[in-house]
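Encoded as structure tokens, the structure appears first; notes follow it.
The values are calculated or read from the model by the stated rules, or taken from the named source; none is laboratory data. The shown structure was predicted, so the numbers you read here are calculated from the model rather than taken from an experiment. Ideal geometry is used to build each Cβ from the backbone, glycine not excepted, and the neighbour counts take in all protein chains shown. Side chains are part of the model used for accessible areas, which takes the heavy atoms of the whole protein and leaves out ligands, DNA and RNA. Shrake-Rupley method; radii C 1.70, N 1.55, O 1.52, S 1.80 Å.
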Amino acid sequence: MSDLRRLLGIVVAAAAPAVAMAFSLTGSVVTTEQVRAELLAHAPEGVAPGKPVWLGLAIDHAPHWHTYWKNPGDSGLPTTLEWTLPGGVVAGEIEWPTPQRLPVGPLMNFGHEGRLLLPVRVTVPEGFAAPTLDVKLRADWLVCKDVCIPEGGDFALSIPAQAATSAHAARFEAAWAARPQVVEAQASARVDGGALVVTAAALPPALHGRELQFFPELAGVIDNAARQTQRWDGTAWQMRVPLSPQRSESPARMVAVLASPGEAAGVQVAFAVAGPWPAPGSLPAAPEAAVAPAAAPVSLPSAAPPGFVLALVLALVGGALLNLMPCVFPVLSLKVIGFTAHAHDRRALLAGGLAYTAGVVLSFVALAGLLLALRAGGEQIGWGFQLQSPGFVAALAVLFTLIGLNLAGVFEFGSVLPGNLAALRARHPLADSLLTGVLAVAVASPCTAPFMGASLGAAAALPASQALTIFAALGLGMALPYLAASAWPGLARALPRPGAWMVRFKSVMAFPMFATVVWLLWVLGQQTGIDGAAAMLGLLVAVAFVAWAFGTVGMGRKGRLGFGATGLVVLALTASWALPLLREAPVALSAASADERWQPWSPQRVAELNAQGRTVFVDFTAAWCVTCQFNKRTVLNDPVLLADFDLNKVTLLRADWTRRDPTITAELARLGRSGIPVYAIYRPGAAAPQLLSELLTVQEVRTAIAASTAASL
């Protein structure tokens with residue numbers, strides 16, 4: 001069995017440049033078919049303490065496309081800016097322009113069209129003496145029309161400190177003029193049944209008697225699409241705003257922007273809210289809507305997540321069933337080799353089982369901690385997010401190639417390591433078992449087994465300590481069969497005794513590893529295009545040559561040095577060619593061609609189809625999800641089932657999560673799920689979509705479609 005510690009060390013070193021290159025696209029302008037985004041600066045008196053210094057992301061939208069305000073409304077995501085600045089230099093918050101209402105079917109969103117600038121004030125510290133202010137920005141935005149596309153870019157700018165920078169002064173002045181004016185409007189609010197009644201007694205005279213639109217800065221409180229009634233009594237203004245039936249907040253204080261339609265800027269008012277608030281979820285839907293109510297809501301409420309104890313049980317069972325998922329099969333070969341090697345050493349077998357369990361549990365908790373931390377930082381990601389990175393997929397491909405070559409006998413680490421390091425594995429054999437558990441989690445994490453979906457969805461809504469406990473239970477469930485097998489006395493008697501047959505068995509186990517590499521290269525091809533997959537193949541050939549040159553048993557010192565030096569040169573040249581190609585390709589290049597029967601998913605498309613009275617079946621999938629691909633090629637390709645779809649006029653939509661997509665992530669969260677596969681049936685007029693099991697059967701889907709059709713009659 002290979003020394004996995006050494007393998008992981010090599011892969012981490014090799015993967016670092018790949019990951020860096022995968023996310024290193026930098027410039028001051030990013031242009032797509034939907035927007036032109038540019039980082040602008042305005043420092044009319046140079047960069048110095050106490051002087052006005054502004055930065056801003058300018059977004060010029062193509063006609064009919066829009067991005068979102070700080071509160072996007074019923075769907076969408078706000079634009080986010082992450083700054084990297086010299087020490088002591090501080091960037092403030094975005095000073096958002098007044099938004100506009102963007103109706104989409106039954107939804108009401110808040111956002112911006114046309115020319116937009118998001119200005120940010122910069123504070124320069126005392127003692128700043130650099131000749132330039134070097135700025136880096138990571139910006140992400142969601143741009144929508146009939147469909148929504150997550151976009152983003154890395155920007156860089158050097159601003160001269162001694163000279164004025166004012167080429168974009170007019171653009172910044174227009175953005176400042178569009179900001180809502182902060183006013184002391186003597187405003188207050190009270191909860192009255194299912195509505196929020198807002199009053200203001202001292203609004204600017206220019207607004208008196210005019211129709212006003214209400215934009216709350218806090219999301220999840222009001223029904224944005226419902227009809228808002230208002231009246232003026234002299235200079236006193238009052239508006240009745242229906243509360244959202246899915247309200248998630250009960251604030252004691254709110255901030256809102258009031259704007260007159262057609263005006264560039266509005267006013268910002270803050271007000272206390274007098275309760276009591278009704279219990280969340282207890283309100284009926286608003287009887288009147290500002291837009292046509294025929295379409296079903298995009299964000300259909302899902303069933304309440306299971307309680308903490310039930311979620312623990314589901315996680316334990318789901319973790320055990322995860323061992324039956326195809327994505328875990330290659331790693332099982334390593335465990336089988338470990339079992340056979342220690343079949344008649346019960347103490348070593350039990351110690352290995354405990355070490356493997358520790359590796360699995362700790363890896364699940366660490367990965368979950370990273371997931372929760374990234375989500376807390378505003379990232380829209382879900383379970384399996386690491387395989388949405390081409391760099392991580394490439395690193396796994398290198399790792400499994402090295403494991404396969406080692407199992408096949410192409411190279412041995414003992415031939416190249418110094419004596420004290422070669423003996424390290426003999427002194428610490430449990431490290432192999434622990435790292436096998438780590439490897440199992442790395443490969444298994446994209447998959448979702450039965451019962452896992454509900455437990456992961458519950459974890460996303462629980463406090464961090466309880467969420468991490470659920471993930472620990474998930475890891476324990478996955479390791480439990482091996483822990484039980486290593487502790488079961490009858491197992492040792494059932495296994496054959498070690499002998500020469502193990503050499504052949506070890507070589508045979510290399511082939512599941514190579515099969516995994518084929519799958520990873522296919523995933524990488526979906527993300528980076530055919531050039532990226534070809535580059536990765538070349539890189540793997542170079543890695544294999546280096547491993548053979550340094551690790552072949554019996555090769556002399558001169559031969560090892562000669563072939564090894566040649567291999568390192570080849571590897572360096574190949575990496576310089578391959579790494580730039582391991583970047584995520586544009587959507588048009590990386591997305592697989594859609595089956596004519598399956599259409600691309602979007603929340604708006606679901607709403608449109610439901611409004612037409614059609615039932616919608618949505619397949620939330622990804623190239624890196626083996627269970628998804630298994631279901632796609634078996635159940636979802638069954639002729640009888642496809643005939644049922646046609647007979648019942650069910651529209652088939654596919655939500656491809658191969659690459660990071662905040663819109664899909666948000667929809668999964670609304671469905672109470674954090675990973676894939678997820679299969680949902682959206683029926684017109686239904687309060688919530690119907691979720692099917694992760695391991696589909698033809699009969700299950702046919703029964704669900706028949707029931708949905710009967711309910712629609």
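Cross-link partners of residue 506 among lysines, defined as those whose alpha carbon lies under 27 angstrom from its own and excluding same-chain residues fewer than eight positions apart: 335. Computed extension length for residue 634-residue 163: 163.0 nm, one decimal, from 0.36 nm per residue of separation with the Cα-Cα distance subtracted. The calculated P(r) of segment 40-126, using every Cα pair and 10 Å bins from 0, goes 16, 41, 25, 14, 4, 0 in percent. Annotation: amide H-H contacts under 5 Å for residue 619 (H modelled 1.01 Å from N, sequence separation of 5 or more, or interchain): 653, 654, 655. Within the assembled protein chains, the solvent-accessible surface assigned to residue 93 is about 150 Å², based on a 1.4 Å probe.
Here's the list of lysines a cross-link from residue 136 could span, going by alpha-carbon distance under 26 Å and ignoring same-chain residues fewer than 8 apart: 51, 70. Would you calculate the separation in nanometres between label points at residue 362 and residue 260, each defined as 7 Å from the Cα along the Cα-to-beta-carbon direction? Each label point is offset 7 Å from its Cα along the Cβ direction, giving 6.6 nm.
Within segment 49-133, what whole-number % of the accessible surface is contributed by carbon and sulfur, with the 1.4 Å probe and all protein chains included in the calculation? The C+S portion of the solvent-accessible surface of segment 49-133 is 53 percent.
Computed over segment 149-220, the P(r) curve from all C-alpha pair distances, binned at 5 Å from the origin, holds 3, 9, 12, 16, 14, 11, 9, 10, 10, 5, 2, 1 percent per bin. Segment 653-676 and segment 132-203 have Cα centres separated by 28 Å.
If I stretch the segment between residue 82 and residue 248 completely, what's the gain in nm (0.36 nm per residue apart, minus their alpha carbon distance), one decimal?
Result for the pair: 57.1 nm of gain on full extension.
Label reach from residue 199 (point 7 Å along Cα→C-beta): in segment 222-253, amide nitrogens under 14 Å belong to 231-240. Close amide H partners of residue 152, meaning residues 5 or more places away or on another chain with modelled amide H under 5 Å apart, are 141. Counting every C-alpha pair in segment 230-274, the share spaced more than 17 angstrom apart comes to 50%. Heavy-atom accessible surface of residue 531, to the nearest 10 Å², is about 100 Å², with a 1.4 Å probe and all protein chains retained. Across 184, 82, 694, the residue with the most accessible area heads the list, and the full order at a 1.4 Å probe is 184, 82, 694. A Förster distance of 41 Å, applied to the separation of the beta-carbon atoms of residue 121 and residue 568, puts the FRET efficiency at 0.25.
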